[in-house]
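I have placed the structure first, in the form of structure tokens, so that the comments after it can refer back to it.
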Amino acid sequence: MTKIKYFIVLFCCIILCSCGIYKFNATSIAPDVTSITVYPAENRAMKINPSLANTLTIALQDKYRKLTKLEMLDDGGDLEVETTITSYDVTATAVTSQEVAAQNRLTITVKISFTNKKYPDEGFDKSFAAYQDFDATTALDAVEAQLVDEIVEILVEDIFNATVANW
């Protein structure tokens, strides 16, 4: 019986100690990379949400500030993130039997140009898209701010992971 207790205690210790190995917000930034520049987002979508570019820029800057030790520079950082909003669309996703939209989807697509001046091979140009659905009987104006905040949160997480978290 004491062998079983010993094994259980040992097993619990191993499990508890191993939990410190994995970090879900861990970044893979080389030690000699010390700064980042997140340029203001440029809005080139056909339909323009006037606050989206600023909201996205601030959310990206906040994410890097909170989860990395990188110094935020206005220009010339070791890492550079340039964001272009390429699409801001509302489409019908569900149609009733009377061929009327039952649900709509707001989709935002952004193109990211990521530059790592110290390790140029890590740079990329990539598009990211995220969406949120809403009831078609609700006007977009009534839910737009909340939907945009939710979509920006998803986009920022995806961009952060692609640039410095290597997920």
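The values are calculated or read from the model by the stated rules, or taken from the named source; none is laboratory data. Here the structure is a predicted model, which is why all the values come from computation and not from measurement. Neighbour counts run over all protein chains shown; Cβ positions are idealised from the backbone, glycine included.
Descriptive notes on the structure:
- For segment 98-111, a residue qualifies if it is buried (at least 18 other Cβ atoms within 10 Å of the Cβ) and at pLDDT below 95, and exactly one does: 104.
- The listed residues are 165, 130, 139, 145, and the only one of them that is within 18 Å of residue 88 (Cβ to Cβ) and either at pLDDT below 95 or of a type in the set (S, T, N, Q) (or both) turns out to be 139.
- Test: residue 131 is farther than 26 Å from residue 34 by Cβ, free of Cβ contacts under 8 Å to residues at least 40 places away in the same chain and surrounded by 14 or more Cβ atoms within 10 Å (Cβ to Cβ): yes
- Total residues in segment 111-140, condition out of contact with any helix residue (DSSP H, G or I) (no Cβ under 7 Å at 6 or more places or on another chain), of a type in the set (Lys, Arg) and within 21 Å of residue 56 (Cα to Cα): 1
- Screening the candidates 73, 52, 67, 79 for the property of being surrounded by 13 or more Cβ atoms within 10 Å (Cβ to Cβ), of a type outside the set (Gly, Ala, Ser) and under 28 Å from residue 136 (Cα atoms) yields one hit, 52.
- Residue, farthest from residue 164 (Cα to Cα), within segment 56-97, restricted to residues that are at pLDDT 95 or above, hydroxyl-bearing (Ser, Thr, Tyr) and touching an Asp or Glu at 6+ places or on another chain (Cβ under 8 Å): 84
- Looking across segment 95-106, the residues that are free of Cβ contacts under 8 Å to residues at least 40 places away in the same chain and not in a loop (DSSP other than H, G, I, E, B) come down to 95, 101, 102, 103, 104, 105.
- Residue count for segment 132-141, restricted to those that are touching a strand residue (DSSP E or B) at 6+ places or on another chain (Cβ under 9 Å) and under 18 Å from residue 52 (Cα atoms): 3.
- Taken over segment 134-148, the criterion of being outside any helix (DSSP H, G or I) and buried (at least 17 other Cβ atoms within 10 Å of the Cβ) is satisfied by 134, 136.
- Out of 159, 85, 151, one residue alone is touching a residue at least 24 places away in the same chain (Cβ under 8 Å), in a strand (DSSP E or B) and crowded, with 18+ Cβ neighbours inside 10 Å. It is 85.
- Condition met for residue 33 (more than 19 Å from residue 162 (Cα to Cα) and among the aliphatic types (A, V, I, L, M)): no
- Selection count, segment 30-82, where residues are aliphatic (A, V, I, L, M), in contact (Cβ under 8 Å) with a residue 40 or more places away in the chain and assigned to a loop (DSSP other than H, G, I, E, B): 7
- All positions within segment 112-128 that are surrounded by fewer than 15 Cβ atoms within 10 Å (Cβ to Cβ), assigned to a strand (DSSP E or B) and not basic (Lys, Arg): 113, 124, 125, 127
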